[in-house]
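Heads up: the structure comes next, in structure tokens.
The values are calculated or read from the model by the stated rules, or taken from the named source; none is laboratory data. Only a predicted model underlies this, so the values are computations on that prediction, with no experimental measurement involved. Neighbour counts are summed over all protein chains in view; Cβ atoms, including those assigned to glycine, are modelled from backbone coordinates with ideal geometry.
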Amino acid sequence: MCLVPLVLALPVAYALWRKGDIALGNIAGMGIIFLVAVWLIVLEYSEIGRWSQACLDAGHICEPTPSSFIRYAIYAAIGVIDVSLVFFLSLKFEERDRNSTYSPEWRR
């Protein structure tokens, strides 16, 4: 799950970075990652709902362990880490692109 949103977002972002649209590539990559994270949170929510309803139908009171909030926070944190990685990679791409226009003796 950690790499799936990143694998989906990086080719789209990289294609836009190559065209010179760094900000648009970042937005596209971020959008894809956050959509996947929200989709996974919704799947987890529906699964917990089905599980809770099955427990109630059986006459038991069940609480998920870890709590629902912790499960959603894990997906959200993975999404934020992936977006941070996309931003970091875009900075490296932009730096390399910017330095390629300078002569070698002026590069750092």
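Since P64 meets every condition but one in (1) at pLDDT 90 or above; (2) in contact with a Lys or Arg (Cβ under 9 Å, 6 or more places away or on another chain); (3) of a type outside the set (G, A, S), which condition does it not meet?
Answer for P64: the failing condition is (1).
Out of all the residues in the range 85-108, which are exposed (fewer than 11 other Cβ atoms within 10 Å of the Cβ) and of a type outside the set (V, I, T)? Walk me through it before giving the result.
Filtering the range 85-108 down to residues exposed (fewer than 11 other Cβ atoms within 10 Å of the Cβ) leaves 88, 92, 96, 98, 100-108.
Within the range 85-108, F88, K92, R96, R98, S100, Y102, S103, P104, E105, W106, R107, R108 meet the criteria.
Based on what the data block shows, is L3 surrounded by fewer than 16 Cβ atoms within 10 Å (Cβ to Cβ) and within 16 Å of S84 (Cβ to Cβ)? It would help to see each step written out before you state the result.
Details: surrounded by fewer than 16 Cβ atoms within 10 Å (Cβ to Cβ): yes; within 16 Å of S84 (Cβ to Cβ): yes.
Considered against the rule, which asks whether it is surrounded by fewer than 16 Cβ atoms within 10 Å (Cβ to Cβ) and within 16 Å of S84 (Cβ to Cβ), L3 comes out as yes.
For the range 15-46: of the residues being surrounded by fewer than 16 Cβ atoms within 10 Å (Cβ to Cβ) and of a type in the set (F, W, Y), which is nearest to E94 (Cα to Cα)?
Here the residue is W39.
Kindly indicate the residue of the range 47-61 that is hydrophobic (A, V, I, L, M, F, W, C) and surrounded by 13 or more Cβ atoms within 10 Å (Cβ to Cβ) and also farthest from the chain's Cα centre (by Cα) among those meeting that condition.
So in the range 47-61, the residues hydrophobic (A, V, I, L, M, F, W, C) come out as 48, 51, 54-56, 58, 61.
Checking the rest, the ones that are also surrounded by 13 or more Cβ atoms within 10 Å (Cβ to Cβ) come to 48, 55.
Details: I48: 22, C55: 32 Å.
Step by step, filter the range 47-61, then rank; the result is C55.
May I ask you to list the residues in the range 60-108 that are aliphatic (A, V, I, L, M) and under 23 Å from G31 (Cβ atoms)? Write out each step before concluding.
In the first step, residues of the range 60-108 are kept if they are aliphatic (A, V, I, L, M); the result is 61, 70, 73-74, 76-78, 80-81, 83, 85-86, 89, 91.
A73, I74, A76, A77, I78, V80, I81, V83, L85, V86, L89, L91, listed by residue number.
Kindly establish whether S90 is under 19 Å from P5 (Cβ atoms), of a type in the set (S, T, Y) and under 22 Å from the mean Cα position of the chain (by Cα).
Yes, satisfied.
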